[in-house]
Amino acid sequence: MSQTTILSKKLVKSWIPKRKKESHKGDYGHTLILAGSQGMSGASVLAALGALRGGSGLVTVATPKSQQPILAKHLAPDALTLSLPETSQGSFSIKAIQMILPWMERRKIACLALGPGISRNSQTALFIKKLLFALDKNKGLVQGIVIDADGFLALNNGKGQSPLLEKISLPIIVTPHLGEMAKFCNVSKAQIEKDRVEFLKKFAKLYRVICVLKGYQTLISDGQKTYLNPTGNPGMARGGSGDVLTGLIAALISQMVSTKNCDKKELLLKAASLGVYLHGLSGDLAKKEKTEIGMIASDIAEYLPSAYKKVIHD
């Protein structure tokens, strides 16, 4: 692991966004989360909780029309919801592109998070691709993009490549776990595990993205700098944990992009690394009270304020 820097409390403390006394919600960014499908509304809720507890000034969750009432019930009064056109299977329809782009322009979105629970419906995958192409043509529309789960897999051409990622130039963070990375690249998990650091660096460099390879000792890389995360525990190995992380990283980007004269790539790398560290630390704090067996994904979001407190004040 000589090629990596191990994240520490001292290192990440300096990356936590500062808050001024004279400020308002607009100073801490508007995070938009595109998530959910029929039977997967929980992923939307967990991503939203990650963004809310992560500190975003405003959080809106856009979800397929049939899922919006479910979402509103679970997120009121803290987050906003937006219903978008859906397929017959209750996932995002290609028609959603006509609504979401003008909406984003009006609302001045700082960071877009997409992927949690969106399904692998072919029309939904097409929506994701068209959305990214549109954002590439309108680069000022969003300052950062976090792509997770089915959103990440939608970018693959089925042959272990992503012509889309090669063509576009956007401030993107992708957050696959080992299985998703293996599927995306059409390789075995064992091939990746032979040298996770080198594999990750090559992927990040090829597609010009920040890549978070989730798992035991999660790795974060921009193709040059690579960080290893020491926080976290086996109790976090359950459905929804990654959704919380997606929302958290997006919230950090939303708060950090207001920094003047910042290097965008460096900012994204710090946001991703800080998010991973806080996420794992929150899981460690939850473990103390809930145990590894009894803790659930929403506990990770619940303990995020305590994780912030531990890093800032201890």
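The values are calculated or read from the model by the stated rules, or taken from the named source; none is laboratory data. Predicted model, so just to flag it, every value in this text is computed and none were measured. In this analysis, Cβ positions are derived from the backbone assuming ideal geometry, glycine residues included, and neighbour counts consider all displayed protein chains.
Per-structure values
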{"item": "Unmet criterion (only one of (1) of a type in the set (A, V, I, L, M); (2) crowded, with 16+ Cβ neighbours inside 10 Å; (3) at pLDDT below 95; (4) assigned to a loop (DSSP other than H, G, I, E, B)) for ILE16", "result": "(3)"}
{"item": "Residues located in region 2-13, provided they are assigned to a loop (DSSP other than H, G, I, E, B) and modelled with pLDDT of 95 or more", "result": "LEU7, SER8"}
{"item": "Enumerated strands (runs of 3 or more DSSP E) restricted to region 45-140, each holding at least 3 residues that are at positive phi", "result": "none"}
{"item": "Candidates LEU278, LEU213, filtered to the one that is at pLDDT 95 or above, part of a strand (DSSP E or B) and surrounded by 24 or more Cβ atoms within 10 Å (Cβ to Cβ)", "result": "LEU213"}
{"item": "Lone unmet requirement of (1) within 25 Å of THR31 (Cα to Cα); (2) crowded, with 23+ Cβ neighbours inside 10 Å for THR226", "result": "(1)"}
{"item": "Selection from region 286-300 of residues that are within 20 Å of GLY215 (Cβ to Cβ) and not basic (Lys, Arg)", "result": "ALA286, GLU292, ILE293, MET295, ILE296, ALA297, ASP299, ILE300"}
{"item": "Tabulated pairs, region 162-173, first in a loop (DSSP other than H, G, I, E, B), second among the small types (Gly, Ala, Ser), C-beta under 6 angstrom, 6+ apart or interchain", "result": "PRO171/GLY144"}
